[in-house]
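The values are calculated or read from the model by the stated rules, or taken from the named source; none is laboratory data. Worth saying up front: this structure is predicted, and the values here are computed from it rather than measured. Ideal geometry is used to build each Cβ from the backbone, glycine not excepted, and the neighbour counts take in all protein chains shown. Note: accessible area is taken over every heavy atom of the protein model, side chains too, but ligands, DNA and RNA are not part of it. Shrake-Rupley method; radii C 1.70, N 1.55, O 1.52, S 1.80 Å.
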Amino acid sequence: DEDYCFRLHKERVYYVSEALMRKATNVNRKQLMSVGTCFGKFTKTLKFRLHITALDYISQYAKYKVWVKPSSELSYLYGNNVLKAGLGRITENTPQYQGVVVYSMSDVPLGFGVTAKTTQECRKLA
């Protein structure tokens with residue numbers, strides 16, 4: 001519907017509708033805390049770190065996806081790795097060390113991750 005843009009404010013990247021952006025120009029930049037949805041921030045070494053608030057937007061366009069079995073969902077959400085036994089499905093031809101979006105088996109995005117093995121290696125281990 002609307003046009004959206006990315007804005008950098010205090011080392012953070014925000015995804016903002018242009019209508020909201022126009023309204024935010026009335027506020028002094030020093031007094032402005034945030035505007036729109038925070039996608040991530042730049043570290044002191046200028047590396048970009050995604051925030052979990054970007055998950056809903058990125059999950060729609062993710063090329064590589066991993067689905068986690070219900071028995072491993074909670075373990076993943078507490079910060080543990082997903083083991084082979086907890087892997088439900090994986091996108092075809094996912095390379096090693098590739099960034100992925102992790103889903104529950106009911107297609108609810110849970111978070112981000114990095115694959116340790118390729119799709120073929122995961123199938124060989126079964």
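Rounded to the nearest 500, what is the 222 nm mean residue ellipticity of the chain from helices alone, with -39500 (n - 2.57) per DSSP H run of 4+ residues and division by all residues?
The helix contribution divided over the chain gives -5000 deg cm²/dmol.
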(request) May I ask what percent, to the nearest 5, of DSSP beta bridges between residues of the chain are antiparallel? (result) 85
(request) Report, in debye and to the nearest 20, how large the dipole of segment 1-108 comes out about its Cα centre when Lys and Arg carry +1 and Asp and Glu carry -1 on their Cβ. (result) 620
(request) Can you send over the carbon and sulfur percentage of the accessible area for the chain, probe radius 1.4 Å, protein chains only? (result) 53
(message) Just the number please: accessible area per residue for the chain, 1.4 Å probe, all protein chains included, in Å².
(response) 71
(message) If amide hydrogens are placed 1.01 Å from N in the peptide plane, which non-local residues have theirs closer than 5 Å to the one on Ala62?
(response) none
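How would you rank 111-124, 20-33, highest first, on the average number of other Cβ atoms within 10 Å across their residues?
On the way: 111-124: 14.5, 20-33: 10.4.
Descending mean neighbour count gives 111-124, 20-33.
Add +1 for every Lys or Arg and -1 for every Asp or Glu among the other residues with Cβ under 13 Å from the Cβ of Lys69, and state the total. Intermediate values should be presented prior to the final figure.
Values: positive: Lys84, Arg89; negative: Glu73.
Once positives and negatives cancel, what remains is +1.
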(message) Report the number of Lys pairs in the chain whose alpha-carbons are under 14 Å apart, with separation of 8 or more residues or on distinct chains.
(response) 7
